[in-house]
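Below: the structure, in structure tokens.
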Amino acid sequence: MSETGKSLFPRLRNPSGIWQYTAFIGMVMSLLFSRLATAEQPDLRQTDERPNIIYIMLDDAGYNDFGHTGSKFIKTPNFDSICREGIFFNNHYSGSAVCAPTRCVLMTGLHSGHCKRRDNKATGNLKATSNGLVFLDESDLTVAKHLQQAGYVTGGIGKWGLGNSGTTGSPDRQGFDHFVGYLDQVHAHNHYTDWLWKDGDRLELPENKDGQQGTYVHDVLEQETYAFIRQHAAGDKPFFLYLPYTLPHGKYEIPSNDPNLNHYRDQPWSQSVKNYAAMVTRADQTVGNIMALLKQLKIDDNTIIFYTSDNGPNKVHAVELGSGEPFRGIKRQLTEGGLRAAMAVRWPGRIKPGQTNDLAWSMIDVFPTLSELAQRETPKGLDGVSVVPTLLGNEANQRPIESIYFEIHHPFQQAVRMGKWKGMRFGTEHPMQLYDLSSDPHEDRNLAGQNPKIVQQINAIMKREHVESPFYPSVKQPKKKKKRKQ
């Protein structure tokens, strides 16, 4: 045996040598199994696989509006199927508690203390806005721009809300090769309309035979979705398809002959609530059709699907359907009911099926997550982190999420999720409310008085993460008194 061999395998001249040899073999086997385990979940950058990405976001569906989360009424077989075939996150949060800032957080990877749009309408410097609306600038970096630069074909179908036609915030100037839907969030309140936007131009729609003026828009969005997937399924580029569908946001309208209404006709609810429930089921039906199409086109295994909602429910659905359960609060409130969003993710062969995960993360983490999926370096300055390690079962490599920050401005509120703790306050001068979500997810017991150090930590986070915006001041500016004419 060579000298090298002697140094590697000590002679068994005494019992201690046996332990040395055994320890060495154990070390080698441990290293071998460690490498084999790593090989089961390779770093995405070490493979040629860049998945197609589909991100589906419903509008105003509550955390408990899905069968998997415990709804007693609403049928969502396809959300439930994705949970069985993938991973369900029970601590996932929206970007905000209302429409426009959630979309801004999702697109820019900046939380609502840093991003451009912090509420549906501005509370300050209204002269510099478009009827109170604040749009993205040309200089803003969106996840669509980033994926477009990475070689993805980018599509958006649904409600945009971050820039109207002719502004720097329109989707064609924010990284989308293709967009069909509503640009203005107020226009999106009407599910029957005679026009939409398509790639920068007005798309005229025929009149509907259901006694309504215009076409039921979700019919159009469905067909545009299927057409985009078919067009790019066999292309030489992967695709990113953002689907911010308008269902089930009010007005609560659905064609009277839609079969999904049959599930709810005998319920003792108003017609509006029946329509809402049917709208959730109709949107879920579309998701099922998408999954069937992916299988038909043989791209199912190379497509990752995210399926969630943009904020908590309206009060009527929280009361009638338990849409926000098991949490307190509704849309426009930074309580858990206003912020918590059911999230299911599916990627066959890569995400282990049937998982429920407790990781607390939010829509600020979507940009870095999609960036890693696209094997592109994440831009500096984002507020979130990639959750790809958790998705792929490498939780030991998951970068910790120390805290999640939220603010909203009608009226001004702030909230922070930090581990098991949730801090919340209304206005900068109001006292902090503190809840232990591990034992009190309904936020009933304010523990601020018993935990001054935790309150101090969360106050520091609120102070650090809120950057003043001329459009959204944290303290209302006093109105200037008009000068008297002399």
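With contacts taken as Cα pairs under 8 Å and at least 6 residues apart, the chain reaches a relative contact order of 23 percent.
In this label model, L293 and L126 are separated by 4.2 nm, measuring between points 7 Å along each Cα→Cβ vector. Round to the nearest 0.05 the FRET efficiency obtained for E402 and E429 when R0 = 35 Å and r is the Cβ-Cβ distance. Efficiency, from the Cβ-Cβ distance: 0.85. Relative contact order of segment 156-209, taken over Cα pairs closer than 8 Å and 6 or more residues apart, is 31 percent.
Close amide-amide hydrogen proximity is noted between S469 and S474, each under 5 Å apart and 5 or more residues distant or on a separate chain (H modeled in the peptide plane; Pro and chain starts excluded). Distant-in-sequence amide contacts of S362, defined by a placed amide H-H separation under 5 Å and a gap of 5 or more residues or a different chain, comprise Y93. Considering segment 164-208 at the alpha-carbon level, its Rg and Dmax are found to be 10.8, 33 Å.
Taking the Cα centre of the chain as origin and assigning +1 to Lys and Arg Cβ atoms and -1 to Asp and Glu Cβ atoms, the resulting dipole is close to 1820 debye.
How much of the DSSP bridge set in the chain is antiparallel, in percent, rounded to the nearest 5?
Around 55 percent antiparallel, to the nearest 5.
Shape of segment 268-392 from the C-alpha gyration tensor: oblate (a/c of 1.5 or more and a/b not above b/c, with a ≥ b ≥ c the square roots of its eigenvalues). Computed from backbone phi, the HN-Hα couplings of segment 352-358 come to 4, x, x, 9, 10, 10, 9 Hz, rounded to whole numbers (Karplus: 6.51 cos²θ - 1.76 cosθ + 1.60, θ = phi - 60°; Gly and Pro given as x). The loop-placed GluC sites (Glu not before Pro) in segment 129-235, going by DSSP, that have at most 13 neighbouring Cβ atoms within 10 Å of their Cβ come out as E138, E207.
Here the 3J(HN,Hα) profile of segment 185-192, calculated from phi with Karplus coefficients 6.51, -1.76 and 1.60 at θ = phi - 60°, is 5, 6, 4, 5, 5, 9, 7, 10 Hz, Gly and Pro shown as x.
Across segment 69-168, the mean sequence separation of Cα contacts (distance under 8 Å, 6 or more residues apart), normalised by length, yields a relative contact order of 21 percent.
Size estimate for segment 370-464 follows the Kirkwood approach: the inverse of mean 1/r over distinct Cα pairs works out to 15.2 Å.
Here the Karplus curve 6.51 cos²θ - 1.76 cosθ + 1.60, taken at θ = phi - 60°, turns the phi angles of segment 232-239 into couplings of 10, 4, 9, x, 8, 10, x, 10 Hz, with x standing for Gly and Pro. Here the calculated FRET efficiency for S165 and K420, from their Cβ-Cβ distance with R0 = 60 Å, stands at 0.85, rounded to the nearest 0.05. Computed over segment 119-244, the P(r) curve from all C-alpha pair distances, binned at 5 Å from the origin, holds 2, 11, 19, 20, 18, 14, 9, 4, 2, 0 percent per bin.
Computing FRET efficiency as 1/(1 + (r/R0)^6) for N90 and V319, where r is the C-beta to C-beta distance and R0 is 30 Å, gives about 0.85. For G156, the residues whose amide H sits under 5 Å from its own are H178, F179, V180, Y242, ignoring neighbours fewer than 5 places away on the same chain, with H placed 1.01 Å from N. Centroid-to-centroid, using Cα positions, segment 117-194 and segment 329-401 are 23 Å apart. Fully extending the segment from Q271 to K72, taken as 0.36 nm per residue of separation minus the present Cα-Cα distance, adds 69.8 nm. Think of it as helices only: each DSSP H run of n ≥ 4 in the chain is worth -39500 (n - 2.57), and spread over all residues that comes to -8500 deg cm²/dmol at 222 nm.
None of the figures in this text is laboratory data; all of them are computed from the coordinates on show. This is a predicted model, so every value here is computed, not measured. Ideal geometry is used to build each Cβ from the backbone, glycine not excepted, and the neighbour counts take in all protein chains shown.
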